[in-house]
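Scroll down for the structure; my scribbles are underneath it.
The values are calculated or read from the model by the stated rules, or taken from the named source; none is laboratory data. Please read these numbers as outputs of a predicted model, since none were measured by experiment. Every residue, glycine as well, gets a Cβ built from its backbone with ideal geometry; the counts of neighbours run over all protein chains shown.
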């Protein structure tokens, strides 16, 4: 699951970007001032940050500089109404990776974000495979063998996160922080509920002797006291 942080004090713009990115299956957190944005970017792992320059609390240039000083190399796209050459130079010199001026089209913003997260060290494969289970992150198709599996958006995001870390035990806290937004109201058993749903869809139907589907190994495993992992 790709996680994006938006640091933008204009609520209308921030919420519009958030809605658009969520429709593209990204997990999105929003901070409406520089101080909160810096705190989130320092404490959480994001795949990209969309950062305004004119922010209350701490301006965007300072946020960017301090993140780089702390060794945070998350790609940063500066988004601002300040479009003069000297402003762009200042933003890039502070450690930003790209610069987009307002007004902008969402399509261009999305393309620039995709370009940032496609960098070689962060390259994300389109098709994830664990055993005979395949997940296509582009067309959102999931198959086990030749059989298609229908998943909700959140089920897909959870499965994608697990499949990006095959054979690794992931804690509930890790799953929640990568699959749900920072401010989401998560109940204590939410992860267990979604794990059970996934198990009913990707494992149980393929090991049902009554349906003539015996023999396939379970892929989704509970590691008691620690969390969950996927692997054959």
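The set of residues in region 164-176 being assigned to a helix (DSSP H, G or I), surrounded by fewer than 20 Cβ atoms within 10 Å (Cβ to Cβ) and touching a residue at least 40 places away in the same chain (Cβ under 8 Å) consists of 172, 174. Could you tell me whether any residue of region 66-73 is under 26 Å from residue 138 (Cβ atoms) and either in a helix (DSSP H, G or I) or in contact with a helix residue (DSSP H, G or I) (Cβ under 6 Å, 6 or more places away or on another chain) (or both)? No. Taken as a whole, region 18-31 holds at least one residue that is at positive phi and either in the same structural domain as residue 178 (by TED's automatic domain parsing) or within 14 Å of the chain's Cα centre (by Cα) (or both). Scan region 34-56 for residues that are surrounded by 17 or more Cβ atoms within 10 Å (Cβ to Cβ) and over 17 Å from the mean Cα position of the chain (by Cα) and the total you get is 6. Within region 78-87, the set of residues being modelled with pLDDT of 70 or more and part of a helix (DSSP H, G or I) comprises just one member, 86. On the stretch given as region 17-30, residues that are touching a residue at least 12 places away in the same chain (Cβ under 8 Å) and out of contact with any strand residue (DSSP E or B) (no Cβ under 6 Å at 6 or more places or on another chain) total 3.
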